[in-house]
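Single-structure report; data block below.
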Amino acid sequence: MGIRTRGGISACLVAGAGLGLILLAGCGKTPKGQVVAIVNGNDISMQQLSVEAQDLPLPIPETIDRRALSKAILQAVIDRELEVQAAREQRLDKTPQFLALKQRNEEELLAGMLGHKIAQTVPLPTAEEIRNYVVTHPLQFGQRQRLVLDQLGFAPPGDRRRLAAVLTDAHSLDAAAAALRSIGIAAERGQGAIDTGQADPELARQLDRAPAGEPILLPQGDRLVVGVITAREPIRMSSDDIRIVAARAVRAAALLHESQAQIAAARSTAEISYGPGFAPDKPPAARR
């Protein structure tokens, strides 16, 4: 039995097992109050629309028709509700895979809400903390650069140690290409660019220390790159932009530190038992 009604057949005429009983239960209900629509007996509320609106790209233009936007969001929610009802009719919500995914999504939601609560307790960075961050991260601010690279891009091999070994004696991009070919890696040559202000601070420092013309092995998403820096272009930032970027970075670090501290405290009192072969590896014993 399908969930859609066409040709003038009312959903209230559908009877029988499964979804038909749900449809009958919803007959005669009228949306009112915070309920903006009813789909086969299931309410859709204003709160649901508000949650959906949180995923919209920001900022929302002032000229947009908010009423029309709400209607468009509602239609998307209705479409999804129909899909959900069809999935439940086929008992997909009873499968082990669904139950495992449901548990994971619920746990991620709760962890995210805890993170939001933690954020409310962490104070905003002080002016001194912001100044110290700017001073200790020059490649993100005063010495920020756009690095232009000639590079070789390729998928990571299974044996990274062998890759590092063949690149040790490669002191030009041509030599690096030959070294990669020697272990069966076909690399794609091209150009790339890295903004030191947006790179990981440790990576930015590594690039800043790189000798001219010397190939550097770098991560690039799910690929690797061997690159040679061919140009360094300064990037100027206004004092206001510097304060904003630094404040965000300091606060992000503070939130991460507080979150990690709470997890560590919880681990210290938790009772955790592992199945055979799943316990974490013990750290190597310290040398005397």
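Some notes on this structure:
- Qualifying residue in the range 200-214 (condition: farther than 30 Å from V250 by Cβ and not small (G, A, S)): yes
- Restricting attention to the range 226-252 and to residues that are open to solvent by 60 Å² or more (accessible area, probe 1.4 Å) and charged (D, E, K, R), the residue that is nearest to A178 (Cα to Cα) turns out to be R232.
- The one condition in (1) open to solvent by 80 Å² or more (accessible area, probe 1.4 Å); (2) assigned to a loop (DSSP other than H, G, I, E, B); (3) at pLDDT below 80; (4) on the phi < 0 side of the Ramachandran plot that I60 fails to fulfil: (1)
- Any hit, the range 31-46, residues being under 27 Å from the mean Cα position of the chain (by Cα) and not small (G, A, S): no
- Unique residue being within 23 Å of Q220 (Cα to Cα), part of a loop (DSSP other than H, G, I, E, B) and in contact (Cβ under 8 Å) with a residue 60 or more places away in the chain when the list is P125, P156: P156
- For S50, the conditions (1) among the hydroxyl-bearing types (S, T, Y); (2) open to solvent by 70 Å² or more (accessible area, probe 1.4 Å); (3) within 30 Å of L255 (Cβ to Cβ) all hold with the exception of (2).
- Number of the exception - A100 against (1) among the aliphatic types (A, V, I, L, M); (2) more than 30 Å from D241 (Cβ to Cβ); (3) open to solvent by 100 Å² or more (accessible area, probe 1.4 Å): (3)
- Enumeration of residues in the range 72-111 that are aliphatic (A, V, I, L, M) and more than 21 Å from V39 (Cβ to Cβ): L99, A100, L101, L109, L110, A111
- Here L255 does not qualify as surrounded by 10 or more Cβ atoms within 10 Å (Cβ to Cβ), in contact with a Gly (Cβ under 9 Å, 6 or more places away or on another chain) and over 23 Å from A127 (Cα atoms).
- Flag if L124 is touching a helix residue (DSSP H, G or I) at 6+ places or on another chain (Cβ under 9 Å) and loosely packed, with under 12 Cβ neighbours inside 10 Å: yes
- A Cβ distance below 6 Å, combined with a sequence gap of six or more or placement on separate chains, defines the contacts here; from the range 30-48, residues that are in contact (Cβ under 8 Å) with a residue 12 or more places away in the chain and within 12 Å of S70 (Cβ to Cβ) reach residues that are small (G, A, S) and open to solvent by less than 80 Å² (accessible area, probe 1.4 Å) in the pairs I44/A37.
- Looking across the range 159-186, the residues that are open to solvent by 40 Å² or more (accessible area, probe 1.4 Å), in a loop (DSSP other than H, G, I, E, B) and either free of Cβ contacts under 8 Å to residues at least 40 places away in the same chain or of a type outside the set (S, T, N, Q) (or both) come down to D159, T168, D169, H171, G184, A186.
- Condition broken by A212, with the remaining ones in (1) farther than 30 Å from L114 by Cα; (2) touching a residue at least 24 places away in the same chain (Cβ under 8 Å); (3) out of contact with any Phe, Trp or Tyr (no Cβ under 9 Å at 6 or more places or on another chain); (4) not in a strand (DSSP E or B) satisfied: (2)
- Residue in the range 107-125 that is farther than 30 Å from A246 by Cα and of a type in the set (K, R) present: no
The values are calculated or read from the model by the stated rules, or taken from the named source; none is laboratory data. Predicted model, so just to flag it, every value in this text is computed and none were measured. Because the Cβ atoms are built from the backbone with ideal geometry, glycine has one as well, and the counts that use them run over all protein chains shown. We work out accessible area using only protein heavy atoms, side chains counted, and drop any ligands, DNA or RNA first. Shrake-Rupley method; radii C 1.70, N 1.55, O 1.52, S 1.80 Å.
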